[in-house]
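Novice: Before anything else, here's the structure in question.
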Amino acid sequence: MTVIRKAFKFRLNPTPEQAQKMVEFAGANRFVWNKALALNLSRLENKQPLLWYFELVYWLGLWKQSEEYGFLKSVHSQPLQQTLKDLARAFKDAFDKTQPLKRIPRFKKKGAGGAGGGAGGGASGSSSDSFRYPQGCKLDEKANRAYLPKIGWVKYRNSRQVIGDIRNMTVSRKGEHWYVSIQTEYEAQLSAHPATSIVAIDLGVSRFATLSDGSYIEPLSTFNSFKQLQAKLAMAQRRLSKKVRFSANWQKLTNKIARLHERIANARHDFLHKASTLISKNHAMVVVEDLKVRNMTKSAKGDMANPGRQVKAKSGLNRSILDQGWGMFVRMLEYKQAWLGGEVMKVNPQHTSQTCPCCHHVSKDNRTTQSRFKCVACGYAENADLVGALNVLARGHRVLACGVETLVLTMKQEPLGSSDTRPILAA
Ligand SMILES: [Zn+2]
C-alpha cells in the first residue's frame, strides 16, 4: 500500500462578516510570521542560535498577553502556530545544503501573491494573505460548505469530489477572491511491474532496436510478409503507370494500391505493437534516447550521420518515416509501461554512438564502420548498436542515481550484452 497525497482547491463564497474575519486571520498570521522572522534575523546578525518552533510558540504566548499585540487573541491559535511551524521549516530548509532552492525566508507583504518556496499543493503557507488549519476543519460536500474553526461554515464552489482524509486546509486570497486548498491523504494499491529489470534501447536502421542486454529486434523491412507486401505494391504501381488514366482497369488498380497501402500501414502498426509489448512486459524500466534531442543533433548520431548509401540516397522522406515509427514506438512503450506499473525514461542521446562504454573515451574514430565500434583508446570492440544501448543505459543509471526513483531499489542490473545474442523479434 502506498500513501497518496492529493490537493483540491476551491473558490470560497464567504459572507461579508466571514470575509472580514479572513482578512483579520491572514493579517495576524502575516504579523506573526514577520515578527518571528525579524526576531530570528536579528539573532542571526548577533550570532545567536536561532529560535525553533517550540521557542517561537513561547514567544507567541508572550505577544498574545501583551497589550500591544492583544489582537492576536481573537484569532484561532492553530493557524498561528502553523505559521511558526512553517517559518521554522523555512529556516531549516535555508540551511540545508541538499535543498536546491534554499534561501532565507522573507517578510510577507499585505496583498502580495503566493510567491516563493513551499512544495505541494496548498500546504506551503507561502502566500502572504493566507493561513492554514492543521486540523479541526470539516467538509460538507452535499451542502457545498467547509467548516473553518472560529470562522464557521463557509460556502464554496464545489467543482469536484474530494478524495481521501483531510489533512489540512489552507485559506488564501488571490486578487479579490478567497480560496481554500484542501490537502488529503489516502492509501492505494499501486500495481507493481511484474518484471524488476532495467533495459536501454538503441533505435537504428540496420536493427530496429538493440537492447542493452544484447538482444535486438530486426527491422520490419527484413520480414518476409512485409517484403511481399512491398513487392506487390511496387508491381501494382508499375502496372498502373501503363494504364489509361481513369479507365476501368486504372480505377481497379488504384483501389488495389490503396488497399495495399493500408495493409502496409497495418503491418507497421502491428510490428510496433509487438516490439513494444515484448520489451514492456519484460522490463520495469526502459531507457530510451530522447528522440526530440536526437533529431536536433542527428550529426552526432553515427548511424544517422553515416547511413548505408541506399538509405542516404532515399534520404528525406524515408528518414522521416523511420522517425515516425520510432516516435510511435516510444509512445506505445510509455503507455504500456504505465499500464503495467513500469516506467520509460528519456535520456540525452548526444555521443551515445561515439563513447566507449569501457573507458568513456569519446571519438568519431571509435566508429570504424556503420555496424562496428572499436575504441581507439582502449581497444574495446563491440557491435555499434549495442554500444549505443549500453551508453543509453549508463545515462539512465546516472539519472536514477541522482533522482529519487523508488524503482531503483528493486532493480536488477542486466548482464552486460554480447553481440552474439539472437534477435528477439525477427522474420
Ligand atoms: Zn575505450
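Novice: Hey, among 36, 88, which residue is part of a helix (DSSP H, G or I) and modelled with pLDDT of 95 or more?
Specialist: Answer to the check: 36.
Novice: Here is a check on your reading of the model: is residue 269 modelled with pLDDT under 90 and either under 39 Å from the mean Cα position of the chain (by Cα) or over 28 Å from residue 285 (Cα atoms) (or both)?
Specialist: The answer is yes for residue 269.
Novice: Take the residues of the range 328-363 that are touching a residue at least 60 places away in the same chain (Cβ under 8 Å) and open to solvent by 40 Å² or more (accessible area, probe 1.4 Å): which is nearest to the ligand (Cβ to nearest atom)?
Specialist: So, considering only residues that are touching a residue at least 60 places away in the same chain (Cβ under 8 Å) and open to solvent by 40 Å² or more (accessible area, probe 1.4 Å), the one nearest to the ligand (Cβ to nearest atom) is 343.
Novice: Could you identify the single residue in 44, 56, 50, 80 that is over 19 Å from residue 133 (Cβ atoms) and open to solvent by less than 40 Å² (accessible area, probe 1.4 Å)?
Specialist: Going through 44, 56, 50, 80 in turn, just one is over 19 Å from residue 133 (Cβ atoms) and open to solvent by less than 40 Å² (accessible area, probe 1.4 Å): 50.
Novice: In this structure, does residue 103 turn out to be at pLDDT 85 or above, of a type in the set (D, E, K, R) and within 19 Å of residue 38 (Cβ to Cβ)?
Specialist: On the way: at pLDDT 85 or above: no; of a type in the set (D, E, K, R): yes; within 19 Å of residue 38 (Cβ to Cβ): yes.
In short, no.
One line per residue, one yes/no per condition, for (1) under 39 Å from the mean Cα position of the chain (by Cα); (2) open to solvent by less than 20 Å² (accessible area, probe 1.4 Å); (3) of a type in the set (Asp, Glu):
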residue	(1), (2), (3)
5	yes, no, no
15	no, no, no
19	yes, no, no
25	yes, yes, no
28	yes, yes, no
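Novice: Considering the range 377-427 alone, what residues qualify as being part of a loop (DSSP other than H, G, I, E, B), at pLDDT 65 or above and surrounded by 15 or more Cβ atoms within 10 Å (Cβ to Cβ)?
Specialist: Within the range 377-427, the subset part of a loop (DSSP other than H, G, I, E, B) is 377-380, 403-405, 411, 413-422, 426-427.
Subset that is at pLDDT 65 or above: 377-380, 421-422, 426-427.
Answer for the range 377-427, where residues must be part of a loop (DSSP other than H, G, I, E, B), at pLDDT 65 or above and surrounded by 15 or more Cβ atoms within 10 Å (Cβ to Cβ): 380, 421.
Novice: Which of the residues belonging to the range 365-376 are open to solvent by 20 Å² or more (accessible area, probe 1.4 Å) and within 12 Å of the ligand (Cβ to nearest atom)?
Specialist: 365, 374, 376
Novice: Right, another one. Given the structure, is residue 213 over 24 Å from residue 22 (Cα atoms) and open to solvent by 20 Å² or more (accessible area, probe 1.4 Å)?
Specialist: When the stated conditions are applied, residue 213 passes them.
Novice: Which of the residues belonging to the range 165-183 are farther than 16 Å from residue 110 by Cα, crowded, with 21+ Cβ neighbours inside 10 Å and hydroxyl-bearing (Ser, Thr, Tyr)?
Specialist: The answer is 170, 181.
The values are calculated or read from the model by the stated rules, or taken from the named source; none is laboratory data. This is a predicted model, so every value here is computed, not measured. Backbone-built Cβ (ideal geometry, glycine too); neighbour counts: all protein chains shown. Note: accessible area is taken over every heavy atom of the protein model, side chains too, but ligands, DNA and RNA are not part of it. Shrake-Rupley method; radii C 1.70, N 1.55, O 1.52, S 1.80 Å.
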